[in-house]
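The values are calculated or read from the model by the stated rules, or taken from the named source; none is laboratory data. It should be emphasised that the depicted structure is a prediction, and the values quoted were computed from it without experimental measurement. Cβ coordinates were reconstructed from backbone atoms using ideal geometry, including for glycine residues, and neighbour counts include every protein chain displayed.
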Amino acid sequence: MQSDQPSAASNLLWAVILLTLAAGATATASAYTASYVLDTMHSTDALVLLVVDGDKLRSDSASLERNMSSATLALQSVRDFGMALAFGCVAVAVAVGVRVWKARQSSK
């Protein structure tokens, strides 16, 4: 049983390292996306938008239409990254919980 311990500890360490890197990348992407969306929303043309068909934007400015469509896609990407990161965090939490539970069981 002792030969499995270093491997399990190593796997858990790698999971934590990879999750931390993913969290950092996601946080950076979220900050960049939020900045982009805020800059787009502060445009003087942003008040001249029409929303058609629920997800389509129309404006007098083709550039603003492109920017707002890109901002919408960026926000959807951030949402997806956040969900993936949340699932990763739950998986690592479960792995740590199982490890702690097994350690308690073996010490009894």
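None of Leu75, Leu85, Leu64 is closer than 23 Å to Trp14 by Cα and surrounded by 12 or more Cβ atoms within 10 Å (Cβ to Cβ) except Leu85. A residue that is at pLDDT 75 or above, surrounded by 14 or more Cβ atoms within 10 Å (Cβ to Cβ) and closer than 30 Å to Ser107 by Cα occurs somewhere in region 18-27.
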